[in-house]
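Worksheet: the structure to be examined is printed underneath.
FYI, it's all coordinate maths here, none of it is from the lab. Worth saying up front: this structure is predicted, and the values here are computed from it rather than measured. Glycine gets a Cβ as well: all are built from the backbone with ideal geometry, and neighbour counts include every protein chain shown.
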Amino acid sequence: MMTALVAPLLLAVGGVSVDVANMLMTKNQLQDATDAAALAAASALVSDARPDIEEAKDLARKFLKTQAAAATASDLPDEGPSIGARGGGNADDEVPATPRWEDVNATEIDITATPNGAKGKSFQVTVANKHLLQFNAMTRLLGPESIEIETRSTAESATESKNALSMYLVLDRSGSMAWKTNTINTGKAKCPNYTEANWSKYPDLKATGPCYVTKIDALKTAVGDLLAQLVTADPESAYVRTGAISYNSAQDAASSLSWGTRGAAGYVDALVAIGGTASGNAFKTAFQKVTNAAEDSEHGAKNGQVPTKYIVFMTDGENNHANDDTVTRQWCDTAKASKVQIYSVAFMAPDRGQKLLKSCASSSSHYFEAEEASDLVAAFKAIGERAAASVSRLTK
């Protein structure tokens, strides 16, 4: 009598243990498939093929079906009766095999697309996968016949997004910028090679050979390399605005910040080295240009962003009057407090000029010393690469 009473309970307990194992295995397999489907759709949306939303949903469904078929093929026994997932069969001849789940009861796929910068898009793909798992006959002795298993996964992707920036160049064009460097100009056999010792003969110094690259020409090459990095990062001139101001003993007319790099490049190419050195007002003007509210408005209208602000400050000497050092430092401090990134480059500059530029730089990694033309080009290129890296941001 006791055996007759206890036997059904023991059979039910055995059935429950089998179904619990099956539930855990099925849950894991379904979750893997759901994860894979969401990732497949999210990746496809930012691939070169760029399917539309409905095509991406179809891809997710196909991925689920493929994963289900693979799981079923690998987990079901080669022969023998199946478990009671379809009903039928006796409790005695059922075996604890993995349930079939290739026929998903319900699949919900939701894809949300939102703007990402001026031209990009970001996507959120959510896949919900529901499956009704039938209990075996032994478990059904306790009453319940099935249980619904649900898995959910979310994947995100985005097409290329770019960060906006405004960069202003503050460049020394004092007389010493006409002096020669140690780099030979292979394009000329002879030229006036000005130095501090013979500068008094300007502009009548006799041409001699070999001809050396002047500081001002090295600066033009260096700025060209910097701007080239920005063009590569923003070929359509939708995120980058640049401008420039030069100074000698007085501030020159400042260029306006404009889209792309053409305006700044033309300004720098026209520079002529002459005069003394006074950087204070030029740096002040650069700060006012990049922090002007109109600059944020320009970016907001075109790319919807608030730009990162940069000032690139360069000198090859020292200010003629100490007061200009004080004024320059004050505006450097104001700029840094306003979160403007300041890069500074001392080009064959004396100690006082180096100290000023070190104090102006946003950090030690923002300061460069160049003793040769090649050093100057490398410094400006490095600045361009860092700024360009902040422009381009690819997330997939």
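Net charge within 9 Å of K130 by Cβ-Cβ distance, Lys/Arg positive one each and Asp/Glu negative one each, not counting K130 itself?
Taking every other residue near K130 into account, the sum is -3.
Check which residues have an amide H placed less than 5 Å from S146's amide H, if you skip close sequence neighbours.
Here F135 satisfy the definition.
May I ask you to sort F135, F63 by Cβ crowding, counting other Cβ atoms within 10 Å and putting the fewest first?
Values: F135 24, F63 20.
If I rank by nearby Cβ atoms, fewest first, I get F63, F135.
Calculate the translational D of segment 317-396 in whole µm² s⁻¹ from Stokes-Einstein, where the hydrodynamic radius comes from the Kirkwood formula applied to all Cα pairs, the temperature is 20 °C and the viscosity 1.002 mPa s. Walk me through the numbers on the way to the answer.
Numbers: Rh = 13.7 Å.
Result for D is 156 µm²/s.
When ranked by the protection proxy of mean other Cβ atoms within 10 Å per residue, highest first, what sequence do the peptides 28-36, 42-50 form?
Values: 28-36: 19.3, 42-50: 16.2.
Result, highest mean Cβ count within 10 Å first: 28-36, 42-50.
Could you please state, rounded to a whole Å, how far the C-alpha centre of segment 317-396 is from the C-alpha centre of segment 230-302?
Centre-to-centre distance over Cα atoms comes out at 15 Å.
I need the P(r) histogram for segment 165-393: all alpha carbon pairs, bin width 10 Å from 0 out to the longest distance, whole percents.
Binned Cα distances yield the sequence 8, 35, 36, 16, 4, 0.
How would segment 153-277 be classified by its alpha-carbon gyration tensor: rounded, prolate or oblate, with rounded meaning a/c under 1.5 and the a/b versus b/c comparison settling the rest?
The shape class here is prolate.
Just flag the GluC sites (Glu not before Pro) in segment 136-220 sitting in loop per DSSP whose Cβ has no more than 15 other Cβ atoms within 10 Å.
Numbers: sites: E145, E148, E150, E156, E160, E196; in loops: E145, E160, E196.
Qualifying residues, ordered by number: E145, E160, E196.
So what J values fall out for segment 288-304 if you push phi through Karplus, 6.51 cos²θ - 1.76 cosθ + 1.60 with θ = phi - 60°, rounded to Hz, Gly and Pro as x?
5, 5, 6, 9, 4, 4, 5, 5, 5, 5, 4, 5, x, 6, 9, 10, x
From the phi of every residue in segment 247-252, what ³J(HN,Hα) in whole Hz does the Karplus formula 6.51 cos²θ - 1.76 cosθ + 1.60 yield, where θ is phi - 60° and glycine or proline is x?
Per residue, the Karplus-derived 3J(HN,Hα) values read 8, 10, 6, 9, 7, 7 Hz.
What FRET efficiency comes out for the pair M23/A128, r = Cβ-Cβ distance, R0 = 25 Å, nearest 0.05?
Once the sixth-power term is evaluated, E becomes 0.90.
Quick one: 3J(HN,Hα) in Hz for segment 127-135, Karplus 6.51/-1.76/1.60 with θ = phi - 60°, rounded, Gly and Pro as x.
Result, ordered by residue: 10, 10, 10, 10, 9, 8, 9, 7, 6 Hz.
Tell me, H321, H131, H299 in order of fewest to most beta-carbon neighbours within 10 Å?
H321, H299, H131
Obtain the nm distance between the two label points defined at D296 and T221 by a simple spin-label model: each point lies 7 Å from its Cα along the Cα-to-C-beta direction.
Output for this residue pair reads 4.1 nm.
Would you please give the residues with an amide H less than 5 Å from that of I184, counting only those at least 5 places away or on a separate chain, with H modeled from the backbone geometry?
V213
For segment 260-322, state which GluC sites (Glu not before Pro) are in a DSSP loop and have at most 11 other beta carbons lying within 10 Å of their beta carbon.
none
Given 0.36 nm per residue, what is the gain on full extension from D333 to N182 after removing their alpha carbon distance, in nm?
On the way: separation 151, 0.36 × 151 = 54.36 nm, distance 3.44 nm.
Answer, rounded to one decimal: 50.9 nm.
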